[in-house]
Amino acid sequence: MSAKLVVGLDGSGSGNRVLDYAKKLASMIETCEVIVVYVIEWSPFSFQTPEENAERHKRREEEIQAANDRVVNPAVEQLKKDGFNARGVVRHGNVADLLDQIAVDEKADQIIVARTSEGGLVQRVFGSATGNLVMHARVPVTVIG
Amino acid sequence: MKLGLSTFLTALTVGAGSAVAQEAKGIDETVNEIFANVTGPFVNLIFAPLPFNVAGAAFPWIVLWLVIGASVFTLYFGFIQFRAFRHSIELVKGDYADPNDAGEVSHFQALATALSGTVGLGNIAGVAVAVGIGGPGATFWMILAGLLGMASKFTECTLGVKYRNEYPDGTVSGGPMYYISKGFAERGVPGGKFLAVLFSVFCILGALGGGNMFQANQAHAQISGIVGEYPGWITGLLFAAVVFAVIVGGIKSIARVTEKVVPFMGILYVLAAIVIILANYSQIGWAFGQIFAGAFTGLGVAGGMVGALIQGFKRAAFSNEAGVGSAAIAHSAVRTKEPITEGFVSLLEPFIDTVVICTMTALVITISGQLMVDPATGLYLTEGGTIQTVGGTSGVALTSAAFATAFSWFPYVLAIAVILFAFSTMISWSYYGLKAWTYLFGEGKTTEVVFKLIFCVFVVIGAAANLGPVIDFSDAAIFAMAVVNISALYVLMPVVKKELNSYQSRRKSGEIRKFAH
């Protein structure tokens, strides 16, 4: 049996618990690929100053580099060291929409994420990324507490 | 240029220093006098009338220049502003955005940034000036200028993206100075370098004039209208301090807050105007009647029909900056594979700015009955070239009074809006001016700081000087940019045509299509 797992990380401490669960699940499957995803929250409809626009491409490259260095690559390396087939993806956009979209595009069997890490007002007004994902995902989602 | 400015600044500091002992009003008057004398010849040159009279009135050649430019681009591109309107909206919505490019500057962001540089006092104070001198008929010509100007914007912004500079660190610099020098060289036309330098000089003056002094001046008029008269240099110093904090101190949070609040202020302004217009719906027909009748007869304003036309075209150009070249600087940051798409998006700018927002202001002023009419003849009462108003107001105060007839609290909202608009326009123009400055003197921290400091000094001068000389200089500087820019656009418009044809055929063949989102 073969399967694909999409693991969504947000760079917080809960990432280890998510990875541990993904490993446990993957070890139960004969051939399994783990796709580690980090989404940089970004909207094409935000307002920016001319200077921010001029520097945007540079900033984007820096953001992708930082996400790879700090979150995605360490996770992928750790998975590979433990003998799993893994690769990483960094994208800009809406967290819930993109995790779902990537899972659909990759024909993944499951999305694994941590429970929400936002708090306070932001969560009350906009809902949490995890909450939105669970409500709208087209692929089964496992939420790690 | 550098020497000239520094000498001028030294003269100013000395002037200001000796004036400190005098009364506060004295400083304002001194600043005003020096300023009017220094800028007079330049202003007179730009606004020189044609050697012959048009319909019995003097006609500034610069207005004709703008009208002809916008009309030529409209015809050359086959009324692109109407043909591509729907496609422009699809681009802004992101229908054609490649998901793999997410995180780059979107079409929407480029449009919003350019708009926050243009939507501002031109729409509030400028329109009031136009209607106050040219009567409601000026609105008709303003709308026409806005519609034609969409084609100028389309041309310049496409070129802005096509010929921008991309640096190894990923940042970009673009604008007329780059497309003039590179585009002319590519087409083998001489004089590109000279025109690019000339444009940069005018762009710096425009940044200091319309993008700075006019804003500071009207912000002060608005604040003193509410808290009572006080010397302008005090507002100037306060504004200069905040602008300094953002552009020199790099306190981005202030700029970011403004960029977020300004669009909402714009929406609030339009909503308030719509409410006032709807509340007086029985007068809408009458107001449009005044606009049409005034457009062709003048209804008694100075200069008649031509007077209304000149005011309409002047204020439209000042408000939406079509053909001026400033938007090309703002739009060139978009990382698109197709420069023409940025042209499509930018043509929405004069539409939103002039056809929608300016018309709202003009309608509210007309409907509010602030302009005094002679009941016997139905013509407007004029005095010294301007139409008499109920409270003797002009500029932003006239708009404020017009809105206040419906909502007594609106002047307070408008005051905040004016201050924020003024501020965001200053931030945008400080960037446009800086790009021209670094084009002339090279990129580098020190050269950048020198310009930014000069920019802050002009905030104070603008707030202290009278509206007359400030508005004359602001107009003259911005129109001088248009003289160079439109000349260059004539040379480079075949480049845009080629891009347009190639893009349209690939869209037809299905090579360029919407992405499924």
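A few comments on the model shown:
- Here the accessible area is traced with a 1.4 Å probe on the protein chains. For the protein assembly as shown, carbon and sulfur cover 62 percent of it.
- Volume of the convex hull of chain B (Cα atoms only), normalised per residue: 155 Å³.
- Remark on A:THR142: its backbone amide H falls under 5 Å from those of A:ILE111, A:ILE112, A:VAL113, a criterion applied only to residues 5 or more positions apart or on other chains, H modelled at 1.01 Å from N.
- Per-residue ellipticity at 222 nm computed for chain B from its helices equals -23500 deg cm²/dmol, with DSSP H segments shorter than 4 residues left out and the rest contributing -39,500 (n - 2.57).
- The simple Förster model, with R0 at 30 Å and r as the Cβ-Cβ distance, assigns B:ARG187 and B:ILE68 a FRET efficiency of 0.90.
- Cβ-Cβ FRET estimate between B:LEU237 and B:ALA58, R0 fixed at 35 Å, reported to 0.05: 0.35
- Distance-filtered residues of segment A:1-22 - backbone nitrogen under 18 Å, label point 7 angstrom along A:ARG115 Cα→Cβ: A:8-22
- Rolling a 1.4 Å probe over the protein heavy atoms gives chain A an accessible area of 52 Å² per residue.
- Computed E for B:VAL257/B:PHE407 - FRET, C-beta separation, R0 25 angstrom, nearest 0.05: 0.50
- Put simply, chains B and A cover up around 2400 Å² of each other's accessible surface, both sides summed, when a 1.4 Å probe is used.
- Debye equation applied to the C-alpha atoms of the protein assembly as shown, log10 I(q)/I(0) at 0.11 Å⁻¹: -1.09
- Distance histogram in 5 Å bins (all Cα pairs of segment A:2-144, percent per bin): 2, 9, 19, 22, 19, 14, 8, 4, 2, 1, 0
- Cross-link pairs beyond the 25 Å C-alpha cut-off, checked among B:LYS153/B:LYS182; B:LYS314/B:LYS498; B:LYS260/B:LYS337; B:LYS153/B:LYS193: B:LYS314/B:LYS498; B:LYS260/B:LYS337
- DSSP beta bridges confined to the protein assembly as shown are antiparallel in about 25 percent of cases.
- Taking label points 7 Å from Cα along the Cα-to-Cβ direction, A:PHE45 and B:LYS337 give a separation of 2.6 nm.
- Distance between segment B:476-517 and segment A:29-87 - C-alpha centres, whole angstrom: 35 Å
- Scattering curve values for segment B:312-363, log₁₀ I(q)/I(0), Debye with Cα scatterers, q = 0.17 Å⁻¹: -0.56
- The separation of segment B:383-405 from segment B:235-312, counted between C-alpha centres, amounts to 14 Å.
- Peptides ranked, highest mean first, by Cβ atoms within 10 Å: ranges B:418-424, B:119-125, A:87-93, B:182-188: B:119-125, B:418-424, A:87-93, B:182-188
- Reciprocal of mean inverse Cα separation for segment B:255-370 (Kirkwood radius, Å): 16.5 Å
- Taking A:ALA86, A:ALA54, A:ALA108 in turn, the Gaussian network model of chain A (Cα-Cα springs below 10 Å) assigns the largest fluctuation to A:ALA54.
- Euclidean distance of C-alpha centroids, segment B:421-444 and segment B:316-366, integer Å: 18 Å
- Grouping the Cα pair distances of segment B:184-276 into 5 Å bins from zero gives a pair-distance distribution of 3, 10, 11, 15, 18, 14, 10, 8, 6, 4, 2, 0 percent in increasing distance order.
The values are calculated or read from the model by the stated rules, or taken from the named source; none is laboratory data. These numbers were taken from a predicted model, which means no experiment stands behind them. Cβ: placed from backbone, ideal geometry, glycine included. Neighbour counts: every protein chain shown. Only protein heavy atoms, including side chains, enter the accessible area calculation; ligands, DNA and RNA are left aside. Shrake-Rupley method; radii C 1.70, N 1.55, O 1.52, S 1.80 Å.
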